Amino acid sequence: MKKIISVVTLLTLLFTALAAQTKDAVVLYHNGKYKEAIQVCEDELKGNPNRIESYVVMCWALVENKQYAEAEQRAAQGLTISPYEPRLIEIFGEAKYYLGKNDQALEEFQKYVANVNESAGRFGKAYYFMGEIYIRQARYQHADIALSNAVKAEPMLDNWWVRLGYAREMAGNYYEAMAAYDEALRLNSSSIDASQGRVRISAKLN
């Protein structure tokens with residue numbers, strides 16, 4: 001009986017330690033200590049190479065630390081273990097976006113938004129990146145749709161409204177562009193990009 005109890009206790013302590021490590025990595029990430037978060041996740045994966053939470057947090061930290069190629073590689077490794085993990089799919093798309101792999105990134109973002117609900121943590125962000133890719137590709141109507149979904153999900157980000165205004169402006173939808181620039185200025189009256197966009201639109205409408 002003592003032996004059984006000791007094994008149970010040992011397992012409990014082990015799971016508690018693993019949970020604490022994961023929490024530490026997340027805390028480090030949210031505190032902007034990306035290198036430290038990456039190292040904690042690396043240590044976790046040495047103990048358990050199939051630990052998806054470690055892959056997720058590590059890839060978030062790698063992207064924030066601008067280690068895009070490594071983030072792409074590690075996300076790909078994580079997806080071989082859990083191919084349908086939405087957080088890995090989304091961060092895989094971000095890594096590819098920053099590496100300029102537009103079509104591949106777009107595919108990952110589309111996969112992500114198709115498999116999560118609107119309350120998912122990076123739902124709006126995925127649509128924002130999709131909009132930026134469409135702008136890169138001069139597909140401005142598509143960018144309008146994607147960025148409209150982005151600001152619907154997270155309406156308080158003035159820069160996203162600026163980019164929506166730009167997409168609409170480039171598509172020739174001037175009144176809608178003006179509305180987006182106005183909303184950006186409502187959120188941030190010192191936005192230079194929104195002010196300049198509004199001036200350009202006013203000149204075209206007059």
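The values are calculated or read from the model by the stated rules, or taken from the named source; none is laboratory data. Worth saying up front: this structure is predicted, and the values here are computed from it rather than measured. Positions of Cβ are backbone-derived with ideal geometry, glycine not excepted, and every protein chain shown enters the neighbour counts. These area figures cover heavy atoms from the full protein model, side chains too; ligands, DNA and RNA do not enter into them. Shrake-Rupley method; radii C 1.70, N 1.55, O 1.52, S 1.80 Å.
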- Item | Those residues of segment 98-124 which are buried (at least 19 other Cβ atoms within 10 Å of the Cβ) and either among the β-branched types (Val, Ile, Thr) or closer than 25 Å to Arg51 by Cα (or both), in sequence order | Ala105, Glu108, Phe109, Tyr112, Val113, Arg122, Phe123
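Looking only at segment 189-202, which residues are farther than 16 Å from Ala171 by Cα and assigned to a helix (DSSP H, G or I)?
The answer is Ile192, Asp193, Ala194, Ser195, Gln196, Val199.
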- Item | Residue check for Arg51: farther than 29 Å from Leu164 by Cβ and surrounded by 23 or more Cβ atoms within 10 Å (Cβ to Cβ) | no
- Could you tell me which residue of segment 180-206 is farthest from Asn159 (Cα to Cα), considering only residues that are surrounded by 16 or more Cβ atoms within 10 Å (Cβ to Cβ) and of a type in the set (A, V, I, L, M)? Ile201
- Query: Give me the pairs: first residue in segment 155-168 and on the phi < 0 side of the Ramachandran plot and of a type in the set (D, E, K, R), second residue assigned to a helix (DSSP H, G or I) and open to solvent by 40 Å² or more (accessible area, probe 1.4 Å), beta-carbon distance under 7 Å, and six or more apart or on different chains, which are they?
  - Reply: Asp158/Leu187; Arg168/Glu176
